[in-house]
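Below is one structure, written out as structure tokens; the observations come after it.
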Amino acid sequence: MAEIRAEEPASTISKTFLIKPKLKSKPRSLPQTAESKYWSSFKSTKIPNLVSSISSLSFSPSPPHLFAAASSASVSLFSPLSLSDGDVSPSSTISSFSDVVSSISFRNDGLLLAASDLSGLIQVFDVKTRTPLRRLRSHTRPVRFVKYPVLDKLHLLSGGDDAVVKFWDVAGESVVLDLMGHKDYVRCSDCSPVSPDLFVTGSYDHTVKVWDVRVENSRSVLEVNHGKPVEDVTYLPSGGLIATAGGNSVKIWDLIGGGRMVYSMESHNKTVTSICVGRVRKENDGAESMEDRILSVGLDGYMKVFDFGNMKVTHSMRFPAPLMSVSFSPDCRTRVIGTSNGIIFAGRRKGKENVESGRVGNVLGFESISEPERRVLRPTYFRYFHRGQSEKPTEGDYLVMRNKKIKLAEHDKLLKKFRHKDALVSVLSRKNRENVVAVMEELVTRKKLLKCVSNLDSDELGLLLTFLSNNATMPRYSSLLMGLTKKVIEMRVEDIRNSDALKGHIRNLKRSIEEELRIQHSLQEIQGIISPLLRIASRR
């Protein structure tokens with residue numbers, strides 16, 4: 001409160017004026033959280049020119065953690081280290097497939113790669129030489145997934161459209177177990193991170209089954225119902241929880257608690273196609289720690305990061321195409337996402353290799369020359385308002401189209417003003433039968449059509465009768481127009497008798513109706529001739 005005093009020679013008058021406090025301006029955008037900054041720090045690199053949809057992605061468990069991408073009838077291998085240099089070409093390609101590759105999986109030492117295709121064949125390759133070492137064929141339908149156990153080098157897991165899950169002895173090229181329990185296509189699987197004998201499978205029959213190879217009767221030891229066709233399933237690092245994806249939801253289940261659903265995340269708008277486990281770096285009291293997250297992608301083009309410890313979505317990212325697969329590297333520095341149009345969006349995060357290379361340079365006495373710092377753009381700079389105007393769109397840019405304004409026709413404007421008769425006359429003069437019928441149906445809905453007919457003058461009534469004589473017998477409009485014709489004649493019979501022009505319209509209308517009746521009689525006669533012949537032919 002501020003006081004301003006004005007002195008006068010006779011007396012002193014004191015006045016008090018209120019001073020409004022200065023309000024803090026609201027931020028233009030919400031502040032970015034530490035976790036959002038972490039996921040945004042992955043430098044995105046687009047890998048184009050693959051043939052078709054990226055059906056599967058997998059990282060090698062051993063450094064430098066190569067990743068493989070299945071596209072059409074080939075598997076491409078990429079080095080994450082080349083992404084930092086902007087090199088998007090594959091380091092090698094495996095193309096010895098006769099059909100579309102559906103799934104790929106690295107062995108836990110990174111030396112072997114298993115791949116399945118839609119012909120029902122599973123092949124095991126040497127990663128270095130790309131030589132096929134084993135060919136496993138037992139499935140009678142397309143194979144949809146192949147998986148190496150996390151703690152086992154000798155066996156392999158597969159399943160497909162024959163609804164059978166097979167446990168293979170890779171060295172002997174033989175099936176150890178045939179696990180039959182699903183009633184529809186088996187689409188996905190994952191192996192336990194804590195036991196070499198446990199794994200889980202998901203199917204289009206909405207169920208997720210937990211299997212134990214030590215069980216003698218080859219039955220599942222646990223079953224949960226996702227409620228939608230299951231597209232993907234993954235074990236969480238503890239081994240006691242699993243995450244399932246199907247429909248537009250990702251659900252978390254407690255296996256130790258008997259298959260109890262812990263949480264259901266439904267933040268996607270379309271089908272969730274793939275999920276994986278990623279890790280985020282956290283700082284607590286100066287100490288760094290890693291926390292696990294669920295990464296999910298869907299046909300809506302979104303990647304969601306889900307914190308299953310706090311049960312909330314912590315980050316979301318949009319891509320310009322439906323997403324089919326996602327994978328995260330074991331060293332937590334590379335994230336790859338495959339789309340339906342054959343493009344891989346690979347994100348590489350800066351790590352220790354850059355710091356170490358800088359230290360080596362300083363030790364040798366060759367310090368890197370830093371680029372001059374560029375001034376930060378601020379709203380007070382002229383360049384701030386002209387940034388990006390000289391940029392040209394690239395092929396992969398997402399184009400935002402503005403909706404064009406709909407130009408209303410004259411009869412639509414009249415209907416909006418409730419000038420029903422004028423709207424009917426206007427559309428009759430245009431001679432567009434679809435628009436005329438649409439306006440009549442709108443007037444029927446408003447219960448104003450007969451009132452409009454009663455208010456028409458002789459010329460306007462002539463337009464209506466001309467339209468009825470030309471279109472009343474059309475099967476598409478006859479249910480409305482024949483009833484209207486009857487009402488018009490009943491209501492305006494006196495006007496028709498007193499006008500020769502209107503009588504002419506009535507004669508034309510009568511002629512068209514008689515012609516339609518003759519056509520219908522002829523069709524009935526033809527039907528009577530053909531029906532006995534068809535009955536005789538059907539008995540032979």
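At R0 = 51 Å, how high is the FRET efficiency between residue 536 and residue 466 if r is their beta carbon distance? Nearest 0.05 is fine. Walk me through the numbers before you get to the answer.
Details: r = 48 Å, r/R0 = 0.94.
That pair, residue 536 with residue 466, gives E of 0.60.
Tell me, what is the per residue accessible area of the chain in Å², probe radius 1.4 Å? Display every interim value, and only then the final one.
Numbers: 32250 Å² over 540 residues.
On a per-residue basis, the chain sits at 60 Å².
Tell me, in nm to one decimal, what length is gained between residue 430 and residue 81 on full extension, where the rule is 0.36 nm per residue of separation less the Cα-Cα distance? Don't skip to the answer; put the middle values down first.
Working: separation 349, 0.36 × 349 = 125.64 nm, distance 6.81 nm.
Fully extending the segment from residue 430 to residue 81 adds 118.8 nm.
First measure r as the distance between the Cβ atoms of residue 40 and residue 130, then evaluate 1/(1 + (r/R0)^6) with R0 = 35 Å and state the FRET efficiency to the nearest 0.05. If you can, show how the numbers build up before the last one.
On the way: r = 36 Å, r/R0 = 1.02.
The pair residue 40/residue 130 has a calculated efficiency of 0.45.
In deg cm²/dmol, rounded to 500, what helix-only [θ] at 222 nm does the chain give when every DSSP H run of at least 4 residues adds -39500 (n - 2.57) and the total is split over its residues? Mind dumping the intermediate values first?
Working: 12 runs with 138 residues, N = 540.
The helix contribution divided over the chain gives -8000 deg cm²/dmol.
Too long at a 28 Å Cα-Cα cut-off: which of 270/413; 312/392; 451/503? The partial results should precede the final answer.
On the way: 270/413 38 Å; 312/392 38 Å; 451/503 22 Å.
Too far apart for the 28 Å limit: 270/413; 312/392.
Accessible area, 1.4 Å probe, largest first: how do 425, 262 sort?
Numbers: 425 30, 262 55 Å².
Result, largest first: 262, 425.
Quick one: check the C-alpha center-to-center distance for region 408-447 versus region 461-530, whole angstrom.
The two parts, judged by their Cα centres, are 21 Å apart.
Specify which labelled value, from (1) 0.96; (2) 1.18; (3) 1.53, agrees with Cα Rg over 2.2 N^0.38 Å derived from the coordinates of the model shown.
(3)
Hey, what did region 34-348 get for relative contact order, percent, Cα under 8 Å, at least 6 apart? Let's see the in-between values first.
Working: 911 pairs, mean separation 46.2, N = 315.
Value for region 34-348: 15 percent.
When the accessible area of region 499-540 is computed with all protein chains present and a 1.4 Å probe, what percentage of it is carbon and sulfur? Could you put the intermediate results ahead of the total?
Working: 2090 of 3650 Å².
Percent of accessible area from carbon and sulfur atoms in region 499-540: 57.
Kindly flag which residue pairs out of 407/448; 153/228; 251/282; 147/228 have an alpha-carbon separation exceeding 27 Å in this structure. Show your work: numbers first, answer last.
Values: 407/448 25 Å; 153/228 33 Å; 251/282 25 Å; 147/228 23 Å.
The pairs that break the limit, which is 27 Å between Cα atoms, are 153/228.
Report the full-extension gain for the segment residue 503 to residue 413: residue separation times 0.36 nm, less the Cα-Cα distance, to one decimal in nm. Don't skip to the end; give the middle numbers.
Values: separation 90, 0.36 × 90 = 32.40 nm, distance 3.30 nm.
Working it through step by step, the gained length comes to 29.1 nm.
How large is the accessible surface of residue 482 in square angstrom, using a 1.4 angstrom probe and rounding to the nearest 10?
Spelled out: residue 482, probe radius 1.4 Å, area about 70 Å².
Reachable lysines from residue 447, Cα under 18 Å, same-chain residues fewer than 8 places away excluded?
The reachable lysines, counting only those whose Cα sits under 18 Å from residue 447, are 416, 417, 421, 486, 487.
I'd like the accessible area for residue 387: 1.4 Å probe, protein heavy atoms, all chains in place, Å² to the nearest 10.
Rounded to the nearest 10, that gives 130 Å².
Give me the one-decimal nm value for the distance between modelled label points at residue 91 and residue 389, 7 Å along each residue's Cα-to-Cβ direction.
That separation, rounded to one decimal, is 4.6 nm.
So how far apart, in nm, are the two label points at residue 479 and residue 290 if each is 7 Å from Cα heading toward Cβ?
Here the modelled spin labels are 6.6 nm apart.
In region 34-348, what percent of the accessible surface is made up of carbon and sulfur (1.4 Å probe, ligands and nucleic acids excluded)? Please report the intermediate quantities before stating the final value.
Numbers: 6020 of 12530 Å².
For region 34-348, the apolar C and S fraction of the accessible surface comes to 48 percent.
Using only Cα atoms and rounding to the nearest 10 degrees, what angle (0 to 90) does helix 433-445 make with the longest principal axis of the chain?
90
Can you tell me the length gained on complete extension of the stretch residue 173 to residue 401, counting 0.36 nm per residue apart and subtracting the Cα distance?
Working: separation 228, 0.36 × 228 = 82.08 nm, distance 5.49 nm.
Extending this stretch completely gives an extra 76.6 nm.
What figure in square angstrom, to the nearest 10, would you give for the accessible area of residue 384 with a 1.4 Å probe?
50
Report relative contact order for region 414-539 in percent, whole number only (criteria: Cα-Cα under 8 Å, sequence separation at least 6). Intermediate values should be presented prior to the final figure.
Numbers: 75 pairs, mean separation 26.3, N = 126.
After rounding, I find 21 percent.
Students sometimes get this wrong: rank 135, 433 by accessible area, probe 1.4 Å, all chains present, largest first.
Numbers: 135 135, 433 95 Å².
Order by accessible area, largest first: 135, 433.
For the chain, what does the relative contact order come out to in percent, with C-alpha contacts under 8 Å and a separation of six or more? Don't skip to the end; give the middle numbers.
Values: 1040 pairs, mean separation 44.6, N = 540.
Across the chain, relative contact order equals 8 percent.
For a quick protection proxy, order the peptides 64-72, 454-462, 222-230 by their average other-Cβ count within 10 Å, most packed first. Walk me through the intermediate numbers first.
Values: 64-72: 22.0, 454-462: 14.9, 222-230: 18.4.
Descending packing order for the listed peptides: 64-72, 222-230, 454-462.
The values are calculated or read from the model by the stated rules, or taken from the named source; none is laboratory data. Predicted model, so just to flag it, every value in this text is computed and none were measured. For neighbour counting, all protein chains shown are included, and Cβ atoms are generated from backbone atoms with ideal geometry for every residue, glycine included. These area figures cover heavy atoms from the full protein model, side chains too; ligands, DNA and RNA do not enter into them. Shrake-Rupley method; radii C 1.70, N 1.55, O 1.52, S 1.80 Å.
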